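*Asks:* Before I ask anything, here is the structure I am working with.
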Amino acid sequence: MRVIGTAGHVDHGKSTLIQAITGIDPDRLREEKERGMTIDLGFAWLTLPSGESVGVVDVPGHIDFIKNMLAGVGGIDAALLVVAADEGAMPQTREHLAILDLLEVQAGLVAVTKADLIEDEDWLELVQADVAETLADTVLAKTEIIPVSALTGRGIPELVEALDTVLKNSPARMDKGRPRLLVDRVFSVSGFGTVVTGTLIDGQLTVGQDVEILPDGARSRIRGLQAHKQKVEQAQPGSRVAANLAGLSTEQVRRGDVVTTAGWLEPSQLIDTRLRCLGDAPRPLKHNQPVEIFTGSSEVSGYLRLLGQQEIPPGETGWVQLRLQRRIPVVKGDRFIVRQASPSLTIGGGAVVDPLPRRRHRRFRPALIKRLETLADGTPEELLTETLDRLGPAQVRDLMHHSPLAESVTESALQSLLKAGNIFEIPTVNGSSEIPNPKASKVVVASKAGWSNLTAQISGILSTYHQAYPLRVGMLRGELQSRLKLETGLFNKIVEQAQHLQIVQALDTTVWLKGHTPQFSQHQQRAMDTLLAQFGRNPFATPSPKESLPVLGNDEDLLTALIETGKLMRLSSDVLLLPETYESFAAWLKTYLAEHDSVTVAQVRDAFNTSRKYALALLEYSDAQGLTRRVGDERILRK
Ligand code: GDP
Ligand code: MG
């Protein structure tokens, strides 16, 4: 299914030509639509000689053209520019051409209509030459120009033949697998409820599918689908679609909305773009200039924030952050047109470079311009690296979410970057040359810059902490984690990698910079040694924290330091012991349970000649470690 759209000055014969090639009168369809008799909008279709079916979008007026071309950027494969032989190129012909140019519509055909009105063939050739000159320096420069007459039928078969060739030579749009139905009409059908029509781009929609309506985020389900007046189970990208949405009132969806699958598309009021000022624009584009933005089927007011330059002269291109009056959902690569409100005039157009920059940019920052250049022109690998540089180490599923590329493109770029070593898995297992499967979404990957930015941040936080608390071994892991605003699984992998690279050292509860040792005085050191000796003398009848403190001159930091450095182990709030004591107990426990089915607190107490409190703490700790499991009053070995 391919779609073409008409362009050209009013009354030059667009609608008549469409009727001549399709047998469908788009103007009649429009009247029916206005009276609620049809749900297709100026839309006709035909089957080409090759068997390919083509939809033709006709537009009644000038502003409709602009809106329709945009809705069709994803949906329209080629433009059919119509010029009447008796009038030649007119102002709207030129403006439409300029818009096709701004939108970089790749394929097209030009029909010089009403050829029957010109009797002199030489004159007709002159008109064609004149049209060719108008096309020079535009996207349609090399386009075939065909004289036709809807009245006599002259040129109609040639036009249809040429259409076939043009479409065969223009590649089908990539199906990104992320359907977006650009809503242009909303109405209610009795017995069915809310129906929306629009062009479906980038993916398929299926009856029964759950959908989200953006920007507001209402949820619904597709109850029924029509494409070209036929009931269908699945609508294909590029087609004009009517969708019946379940449980939704006509107030909950508007022209300009996007019907899509939930959870991947986030609307934004700030959008980074590359924008070209139209060559015919009356004056340069200025910073903070108010404009009307047309994209998809939506229209929104906003301001241009010019980045890296003060103005964009006519015919030139620049980086612009759009600051919009309301949020709109767009994706990278979406085209838009910029118009001024009064006098109403097209002044430029461009493409979305970053649909979700999230913040207002400082305008003159070389790093920003570099980033926009990469986003606009980079290879998938460069784009993905840039994304990871910014995100820092991330789980693959989050990377997928933030990647400006289609999922399959992200995946293959990720594979090649992993293979080349430009992106690496975290933690990196020593000596392993295995490439992780990027589809395993919990895999954490990092770019070199993303990793070194993060480790610089970690080092900064820790060294400040060490200066502030010289007696403490390190920072609590939870505190570092919340300072870095990282999710636990990701944080743990990052700490593991940082340990592996000898940047930090870490224990269960604490992290510190490699090489940092608490600065104890001789006096403090001696007190700690005395206490440890006491623990060694009676390993299973050790001092409690409360009994230990006086030995340390009541300095709680010293006790914390002993625990954090792993010199003492805290079994419970009341029981401390040496780590080797617990290890010898654990070894005994394993041997014992290999020979017996279970063990009780009393048996442990007697075996180590200790108290019930210690025996209980030892067993509870080994439960927590996953070594044993409690069954009633007994412990058994955990399988
Ligand atoms: P649109 O505004 O571009 O859609 O133009 P229409 O298709 O509505 O046509 C405008 C006028 O031109 C109508 O009166 C048509 O009958 C007339 N017209 C269209 N095509 C031809 C043609 O090939 N020959 C002649 N003589 N008149 C035509
Ligand atoms: Mg018309």
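*Asks:* It is to be established whether one or more residues within segment 39-48 are buried (at least 22 other Cβ atoms within 10 Å of the Cβ), within 16 Å of ligand 1 (Cβ to nearest atom), assigned to a helix (DSSP H, G or I) and at pLDDT below 70.
*Replies:* Taking every residue of segment 39-48 in turn, none turns out to be buried (at least 22 other Cβ atoms within 10 Å of the Cβ), within 16 Å of ligand 1 (Cβ to nearest atom), assigned to a helix (DSSP H, G or I) and at pLDDT below 70.
*Asks:* Just wondering, is there one or more residues in segment 379-402 that are within 30 Å of Pro518 (Cα to Cα) and either open to solvent by 50 Å² or more (accessible area, probe 1.4 Å) or charged (D, E, K, R) (or both)?
*Replies:* Taking every residue of segment 379-402 in turn, none turns out to be within 30 Å of Pro518 (Cα to Cα) and either open to solvent by 50 Å² or more (accessible area, probe 1.4 Å) or charged (D, E, K, R) (or both).
*Asks:* Within segment 143-161, identify whether any single residue is open to solvent by 10 Å² or more (accessible area, probe 1.4 Å), under 30 Å from Ala406 (Cα atoms) and either of a type outside the set (S, T, N, Q) or within 16 Å of ligand 2 (Cβ to nearest atom) (or both), and answer yes or no.
*Replies:* no
*Asks:* Pull up segment 583-593, narrow it to residues that are touching a residue at least 12 places away in the same chain (Cβ under 8 Å) and aliphatic (A, V, I, L, M), then point me to the one that is farthest from Val631 (Cα to Cα).
*Replies:* Ala586
*Asks:* Quick check on Pro518: is it under 16 Å from Leu576 (Cα atoms) and surrounded by 11 or more Cβ atoms within 10 Å (Cβ to Cβ)?
*Replies:* On the way: under 16 Å from Leu576 (Cα atoms): no; surrounded by 11 or more Cβ atoms within 10 Å (Cβ to Cβ): yes.
No; evaluated as a whole, the condition is false for this residue.
*Asks:* Here is a follow-up. What is the number of the single condition among (1) basic (Lys, Arg); (2) farther than 30 Å from Leu552 by Cα; (3) more than 25 Å from the chain's Cα centre (by Cα) that Arg472 does not meet?
*Replies:* Tallying (1) basic (Lys, Arg); (2) farther than 30 Å from Leu552 by Cα; (3) more than 25 Å from the chain's Cα centre (by Cα), Arg472 fails exactly one: (2).
*Asks:* In segment 338-362, how many residues are outside any loop (DSSP other than H, G, I, E, B) and at pLDDT 90 or above?
*Replies:* Taking segment 338-362 and keeping what is outside any loop (DSSP other than H, G, I, E, B), we get 338-340, 345-354.
Subset that is at pLDDT 90 or above: 338-340, 347-354.
Selection size over segment 338-362: 11.
*Asks:* What's the total number of residues in segment 303-337 that are charged (D, E, K, R) and assigned to a loop (DSSP other than H, G, I, E, B)? Can you show your working first?
*Replies:* First, the residues of segment 303-337 that are charged (D, E, K, R): 305, 311, 316, 323, 326-327, 332, 334-335.
Of the ones still in play, those that are also assigned to a loop (DSSP other than H, G, I, E, B) are 316, 332, 334.
Residues in segment 303-337 being charged (D, E, K, R) and assigned to a loop (DSSP other than H, G, I, E, B): 3 in total.
*Asks:* Now for a different question. Tally time: how many residues in segment 168-217 are part of a loop (DSSP other than H, G, I, E, B), within 18 Å of Pro267 (Cα to Cα) and modelled with pLDDT of 90 or more? Don't jump to the end; show me each part of the working.
*Replies:* Taking segment 168-217 and keeping what is part of a loop (DSSP other than H, G, I, E, B), we get 170-179, 190-192, 202-204, 207-209, 215-217.
Next, only the ones that are within 18 Å of Pro267 (Cα to Cα) stay: 178-179, 202, 215-217.
Narrowing further to those that are modelled with pLDDT of 90 or more: 179, 215-217.
The number of residues fulfilling the criteria is 4.
*Asks:* Please name all residue pairs, on different chains or six or more residues apart, with Cβ atoms under 9 Å, provided the first residue is in segment 114-137 and is in the same structural domain as Glu95 (by TED's automatic domain parsing) and the second residue is β-branched (Val, Ile, Thr) and more than 16 Å from ligand 1 (Cβ to nearest atom).
*Replies:* Ala132/Thr143; Leu135/Thr143
*Asks:* Would you please list the contacts, defined by Cβ atoms under 9 Å and residues six or more apart or on different chains, that run from a residue in segment 1-17 that is assigned to a helix (DSSP H, G or I) to a residue that is within 9 Å of ligand 2 (Cβ to nearest atom) and among the basic types (Lys, Arg)?
*Replies:* Listed by first residue and then by second, the contacts come to Ser15/Arg30.
*Asks:* Of all the residues that make up segment 229-269, how many are of a type in the set (Lys, Arg) and in contact with an Asp or Glu (Cβ under 6 Å, 6 or more places away or on another chain)?
*Replies:* Just the residues of segment 229-269 that are of a type in the set (Lys, Arg), to begin with: 229, 231, 240, 254-255.
Now drop any that are not in contact with an Asp or Glu (Cβ under 6 Å, 6 or more places away or on another chain), which leaves 255.
Count: 1.
*Asks:* When segment 1-18 is examined, which residues are found to be more than 10 Å from ligand 2 (Cβ to nearest atom) and either touching a helix residue (DSSP H, G or I) at 6+ places or on another chain (Cβ under 9 Å) or open to solvent by 40 Å² or more (accessible area, probe 1.4 Å) (or both)?
*Replies:* So in segment 1-18, the residues more than 10 Å from ligand 2 (Cβ to nearest atom) come out as 1-5, 7, 9.
Within segment 1-18, Met1, Arg2, Ile4, Gly5, Ala7, His9 meet the criteria.
*Asks:* Could you name every one of the strands (runs of 3 or more DSSP E) located completely within segment 221-302 that has at least 1 residues being over 25 Å from Leu97 (Cα atoms) and open to solvent by less than 10 Å² (accessible area, probe 1.4 Å)?
*Replies:* Values: elements: 230-232, 240-245, 258-260, 268-277, 289-295.
Correct list: 240-245, 258-260, 268-277.
*Asks:* Just wondering, is there one or more residues in segment 602-618 that are of a type in the set (Val, Ile, Thr) and touching a residue at least 24 places away in the same chain (Cβ under 8 Å)? Don't jump to the end; show me each part of the working.
*Replies:* In the first step, residues of segment 602-618 are kept if they are of a type in the set (Val, Ile, Thr); the result is 604, 610.
Applying the additional criterion that residues be touching a residue at least 24 places away in the same chain (Cβ under 8 Å) yields 610.
Checking segment 602-618: at least one residue is of a type in the set (Val, Ile, Thr) and touching a residue at least 24 places away in the same chain (Cβ under 8 Å).
*Asks:* Could you tell me whether Met69 is in a loop (DSSP other than H, G, I, E, B), at pLDDT below 65 and either within 23 Å of Leu182 (Cα to Cα) or more than 12 Å from ligand 2 (Cβ to nearest atom) (or both)?
*Replies:* Details: in a loop (DSSP other than H, G, I, E, B): no; at pLDDT below 65: yes; either within 23 Å of Leu182 (Cα to Cα) or more than 12 Å from ligand 2 (Cβ to nearest atom) (or both): yes.
So Met69 does not fit the description; no.
*Asks:* If a residue must be touching an Asp or Glu at 6+ places or on another chain (Cβ under 7 Å), surrounded by 20 or more Cβ atoms within 10 Å (Cβ to Cβ) and either part of a helix (DSSP H, G or I) or polar (S, T, N, Q) (or both), how many such residues does segment 99-129 contain?
*Replies:* 0
*Asks:* Please pick out the residue among Gln534, Gln525, Gln467, Gln499 that is touching a Pro at 6+ places or on another chain (Cβ under 9 Å) and more than 30 Å from Lys442 (Cα to Cα). Explain how you work it out, then say what you get.
*Replies:* Values: Gln525 fails: touching a Pro at 6+ places or on another chain (Cβ under 9 Å); Gln467 fails: touching a Pro at 6+ places or on another chain (Cβ under 9 Å); Gln499 fails: more than 30 Å from Lys442 (Cα to Cα).
On inspection, the qualifying residue turns out to be Gln534.
*Asks:* Mind checking which residues of segment 312-353 are in contact with a Lys or Arg (Cβ under 7 Å, 6 or more places away or on another chain) and either polar (S, T, N, Q) or open to solvent by less than 30 Å² (accessible area, probe 1.4 Å) (or both)?
*Replies:* The answer is Thr317, Trp319, Val320, Gln321, Thr346, Ile347, Gly348, Gly349, Gly350, Ala351, Val352, Val353.
*Asks:* Take Asp27 and decide whether it is part of a loop (DSSP other than H, G, I, E, B), touching a helix residue (DSSP H, G or I) at 6+ places or on another chain (Cβ under 8 Å) and either at pLDDT 85 or above or within 13 Å of ligand 1 (Cβ to nearest atom) (or both). Outline the logic, then answer.
*Replies:* Details: part of a loop (DSSP other than H, G, I, E, B): no; touching a helix residue (DSSP H, G or I) at 6+ places or on another chain (Cβ under 8 Å): yes; either at pLDDT 85 or above or within 13 Å of ligand 1 (Cβ to nearest atom) (or both): yes.
Taking the combined requirement at face value, the residue does not satisfy it.
*Asks:* Here's another thing I want to ask about it. Take Leu418 and decide whether it is over 20 Å from Phe491 (Cβ atoms) and surrounded by 16 or more Cβ atoms within 10 Å (Cβ to Cβ).
*Replies:* Working: over 20 Å from Phe491 (Cβ atoms): yes; surrounded by 16 or more Cβ atoms within 10 Å (Cβ to Cβ): yes.
Yes, satisfied.
*Asks:* Let me spell it out: the conditions are (1) of a type in the set (A, V, I, L, M); (2) modelled with pLDDT of 95 or more; (3) farther than 17 Å from Gly8 by Cβ, and Ala136 meets all of them except one. Which number is the exception?
*Replies:* (2)
*Asks:* Right, here's the next one. Any chance you could count how many residues in segment 573-624 are part of a helix (DSSP H, G or I), of a type in the set (S, T, N, Q) and open to solvent by less than 50 Å² (accessible area, probe 1.4 Å)?
*Replies:* Narrowing segment 573-624 to residues part of a helix (DSSP H, G or I): 579-595, 601-607, 612-624.
Okay, now just the ones that are also of a type in the set (S, T, N, Q), so 581, 584, 591, 603, 622.
From what is left, the residues that are open to solvent by less than 50 Å² (accessible area, probe 1.4 Å) are 581, 622.
Matching residues across segment 573-624 total 2.
*Asks:* Among Leu388, Leu414, Leu375, which is of a type outside the set (Asp, Glu) and either outside any helix (DSSP H, G or I) or touching a Ser or Thr at 6+ places or on another chain (Cβ under 7 Å) (or both)? Lay out the reasoning, then the answer.
*Replies:* On the way: Leu414 fails: either outside any helix (DSSP H, G or I) or touching a Ser or Thr at 6+ places or on another chain (Cβ under 7 Å) (or both); Leu375 fails: either outside any helix (DSSP H, G or I) or touching a Ser or Thr at 6+ places or on another chain (Cβ under 7 Å) (or both).
Unique residue meeting the criteria: Leu388.
The values are calculated or read from the model by the stated rules, or taken from the named source; none is laboratory data. Because the structure is predicted, anything quoted here is derived from the model rather than measured. All Cβ positions, even for glycine, are placed from backbone atoms using ideal geometry, and neighbour counts span all protein chains on display. SASA here: full protein model, heavy atoms, side chains in, ligands and nucleic acids out. Shrake-Rupley method; radii C 1.70, N 1.55, O 1.52, S 1.80 Å.
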